[in-house]
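Below is one structure, written out as structure tokens; comments come after it.
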Amino acid sequence: MKGVDTIACISVNDAFVMGAWAKDQKSDDKVMMLGDGNGEFTRAMGLTLDASRSGLGTRSQRYAMIVEDGVIRELFVEKPGAFEASTAENVLKHL
């Protein structure tokens, strides 16, 4: 699809949660589901979100990125509560 090799979803969850989510969403081999259980990747990206007021602890902001040869070319970080910047439609416009 439009030069895309891999679509991945990363979340501050463990591999078991990510596996169950993939099964529920029927993502099969279309989306690589990646668990960031300790939030290390999220912290390294500077994209943590403190959701402790809701009892969820440290989570990840919602974002999408375009990566080419291991280098982030575009990063689309959502404003709190929004779902515009990281939509597939928006990301595809930047390929």
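Taken together, the values in this text are just the output of simple stated rules run on the coordinates, not laboratory data. These figures come from a predicted structure and were not determined experimentally. Here the Cβ is made from the backbone with ideal geometry for all residues, glycine too, and neighbour counts use every protein chain on show.
Of note:
- Fraction of beta bridges assigned by DSSP in the chain that are antiparallel (%, nearest 5): 70 percent
- Ranked by how many other Cβ atoms sit within 10 Å of their own Cβ, fewest first, the residues Arg73, Arg43 fall in the order Arg73, Arg43.
- When +1 charges are put on Lys and Arg Cβ atoms and -1 charges on Asp and Glu Cβ atoms, the dipole computed for the chain relative to its Cα centre reaches about 280 debye.
- Computed from backbone phi, the HN-Hα couplings of region 26-42 come to 6, 6, 6, 9, 6, 10, 7, 9, 10, x, 10, x, 8, x, 5, 5, 4 Hz, rounded to whole numbers (Karplus: 6.51 cos²θ - 1.76 cosθ + 1.60, θ = phi - 60°; Gly and Pro given as x).
- Near the amide H of Met33, within less than 5 Å, lie the amide hydrogens of Cys9, all on another chain or at least 5 residues away, with H placed in the peptide plane.
- Helix-only CD estimate at 222 nm, as mean residue ellipticity for the chain, using -39500 (n - 2.57) per DSSP H run (n ≥ 4): -6500 deg cm²/dmol
- Around Asp50: net Lys/Arg minus Asp/Glu count, Cβ-Cβ under 15 Å: +4
- The phi torsions of region 3-11, fed into the Karplus equation with coefficients 6.51, -1.76 and 1.60 and a -60° offset, translate into couplings of x, 8, 8, 9, 10, 10, 10, 10, 8 Hz, rounded to whole numbers, with Gly and Pro shown as x.
- Computed over the chain, the alpha-carbon pair-distance distribution with 10 angstrom bins reads 14, 44, 38, 4, 0, each value a whole percent.
- In order along region 80-95, the phi-based Karplus estimate (6.51 cos²θ - 1.76 cosθ + 1.60, θ = phi - 60°) of 3J(HN,Hα) comes to x, x, 9, 8, 9, 5, 9, 5, 4, 4, 5, 4, 4, 5, 9, 7 Hz; Gly and Pro are listed as x.
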